[in-house]
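Have a look at the structure below before the remarks.
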Amino acid sequence: AIHVAHVYRYDPLKKVMIAAEGGGVSVAPSAQEGQYAYAWANNIWSDVLT
């Protein structure tokens, strides 16, 4: 699995969201990323379905 994360900040002068530093993409697929994704999904499903 891989991850893609983006961080945004609001610019009140332009009244738009602007990409900020701090996001990123996995360098390569990994089993660890897969475990994180599976745990994230289980937590979301648990919150929604219970």
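The values are calculated or read from the model by the stated rules, or taken from the named source; none is laboratory data. Worth saying up front: this structure is predicted, and the values here are computed from it rather than measured. Positions of Cβ are generated from backbone atoms using ideal geometry, with glycine treated the same way; all protein chains shown enter the neighbour counts.
Values for this structure:
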quantity	calculated
Residue pairs meeting the criteria (Cβ under 6 Å; at least 6 apart or on separate chains; first surrounded by 10 or more Cβ atoms within 10 Å (Cβ to Cβ), in segment 33-49; second of a type in the set (Gly, Ala, Ser))	Glu33/Ala1; Glu33/Ser26; Gly34/Ala1; Ala37/Ala1
Ile18 vs. criteria hydrophobic (A, V, I, L, M, F, W, C) and not in a strand (DSSP E or B)	no
First in segment 1-26 and of a type in the set (Asp, Glu), second anywhere and exposed (fewer than 11 other Cβ atoms within 10 Å of the Cβ), Cβ under 7 Å, 6 or more apart	Asp11/Ile18
In segment 1-29, the residues that are of a type in the set (Val, Ile, Thr) and at pLDDT 90 or above	Val7, Val16, Ile18
Flag if Ala28 is outside any strand (DSSP E or B), at negative phi and over 13 Å from the mean Cα position of the chain (by Cα)	yes
